[in-house]
Amino acid sequence: MPVISRGFHGRRRPDQDRLPPGQYEVRDFPVLSAGPTPMVRTDDWEFTVVSESGARHRWSWADLMALPSEQPTVDLHCVTKWSKFDTHWEGVSLDRLLEDVDTQASYALVHSYGGYTTNLPLEDLRHGRAWVVHRYDGSDLSPEHGGPARLLVPHLYLWKSAKWVRGIELLTEDRPGFWEGAGYHSYGDPWREQRYRGD
Ligand SMILES: Nc1nc2c(c(=O)[nH]1)N[C@H]1C(S)=C(S)[C@@H](COP(=O)(O)O)O[C@H]1N2
Ligand SMILES: [Mo]
């Protein structure tokens with residue numbers, strides 16, 4: 001990669017306006033995992049969506065690869081206060097994965113290999129705002145960053161972007177995930193600085 005000065009390749013907006021309250025910018029990509037990194041082979045990988053009626057939709061790795069992918073470039077905001085601008089990903093939009101799922105549910109509980117969970121309103125997985133991503137910066141997603149595939153929901157704090165994602169449970173009642181049950185905010189909007197319950 002050539003080194004290019006900051007202002008050279010026209011940014012969408014000044015960096016200050018891209019930084020939510022209380023955040024600072026980093027150039028590296030920190031790894032934050034609550035437990036050991038699960039090693040999931042793509043041969044064994046599956047992704048499921050289970051609706052509130054119990055209907056189960058399943059994708060193998062080959063199924064995922066056969067779907068049209070998108071290449072979002074997004075800013076990441078971690079609740080520990082680092083933000084990383086212009087990260088490049090490739091993956092499948094949740095709009096695509098949810099399009100044949102018949103549901104009246106309002107909430108989603110995301111499950112990962114290894115047992116991590118996180119909750120969010122189902123609406124936040126729709127409208128081009130969430131992806132199951134399997135490539136980062138032009139390479140297959142590394143295990144420490146959630147490979148073979150992770151959820152990417154960049155408009156919420158990064159703990160919502162479950163690494164090693166394995167499925168989504170659709171619920172009529174909200175149910176807290178791992179960090180939400182430990183006192184973090186149920187929604188986690190970085191622009192409203194919703195870090196902890198009650199913020
Ligand atoms: N399965 C799983 N997903 C997870 C986590 C985790 O511990 N386990 N940590 C979350 C938190 S708190 C953050 S900040 C991001 C970190 O992603 P990174 O390690 O790729 O930077 O992953 C989120 N997704
Ligand atoms: Mo985090």
Could you run the Karplus curve 6.51 cos²θ - 1.76 cosθ + 1.60 with θ = phi - 60° over the stretch 67-77 and give me ³J(HN,Hα) per residue in whole Hz, x for Gly and Pro? 7, x, 10, 10, 10, x, 10, 9, 8, 10, 10
Quickly rank 94-101, 191-198 as a protection proxy: mean count of other C-beta atoms within 10 Å, highest first. 94-101, 191-198
Say each of His88 and Phe29 gets a label point 7 Å from the Cα, pointing the same way as Cα to Cβ; how far apart are those two points in nm? 1.1 nm
How big is the chain by Rg and Dmax over its Cα atoms, in Å? 16.7, 54
Could you work out how far the C-alpha centroid of the stretch 23-72 sits from that of the stretch 166-184, in angstrom? 16 Å
Please report, as a whole percent, how much of the solvent-accessible surface of the stretch 24-97 comes from carbon and sulfur atoms (probe radius 1.4 Å). 48 percent
Inter-label distance, nm, simple model (7 Å from Cα along the C-beta direction), Arg96/Glu123: 2.5 nm
Under 5 Å from the placed amide H of Gly167, counting only residues 5+ away or on other chains, we find Thr48, His111
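Over the chain, with the other protein chains present, what is the accessible area per residue in square angstrom, probe 1.4 angstrom? Kindly include the intermediate steps, with their values, before the conclusion.
Numbers: 10130 Å² over 199 residues.
Accessible surface, normalised per residue, equals 51 Å².
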For the chain, what is the relative contact order in percent, using Cα pairs closer than 8 Å and at least 6 residues apart in sequence? 23 percent
What value, in deg cm²/dmol to 500, does the helix sum -39500 (n - 2.57) over DSSP H runs of n ≥ 4 give at 222 nm once divided by the residues of the chain? -1500 deg cm²/dmol
Compare Gln16, Gln71, Gln104 in a GNM of the chain, Cα atoms joined below 10 Å, and give the one with the largest fluctuation. Gln16
Simple spin-label model, 7 Å along Cα-to-Cβ: Asp17 to Ala55 in nm? 4.3 nm
How large is ³J(HN,Hα), in whole Hz, for each residue of the stretch 24-32 in order, when computed from phi with the Karplus curve 6.51 cos²θ - 1.76 cosθ + 1.60 and θ = phi - 60°, using x for Gly and Pro? 10, 8, 10, 9, 7, 10, x, 10, 10
In nm, what is the difference between 0.36 nm times the number of residues separating Glu193 and Met39 and their Cα-Cα distance? 52.1 nm
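The values are calculated or read from the model by the stated rules, or taken from the named source; none is laboratory data. Every value quoted in this text rests on a predicted model; they were computed, and no experiment measured them. Cβ: placed from backbone, ideal geometry, glycine included. Neighbour counts: every protein chain shown. Calculation scope for accessible area: heavy atoms of the full protein, side chains included, ligands and nucleic acids excluded. Shrake-Rupley method; radii C 1.70, N 1.55, O 1.52, S 1.80 Å.
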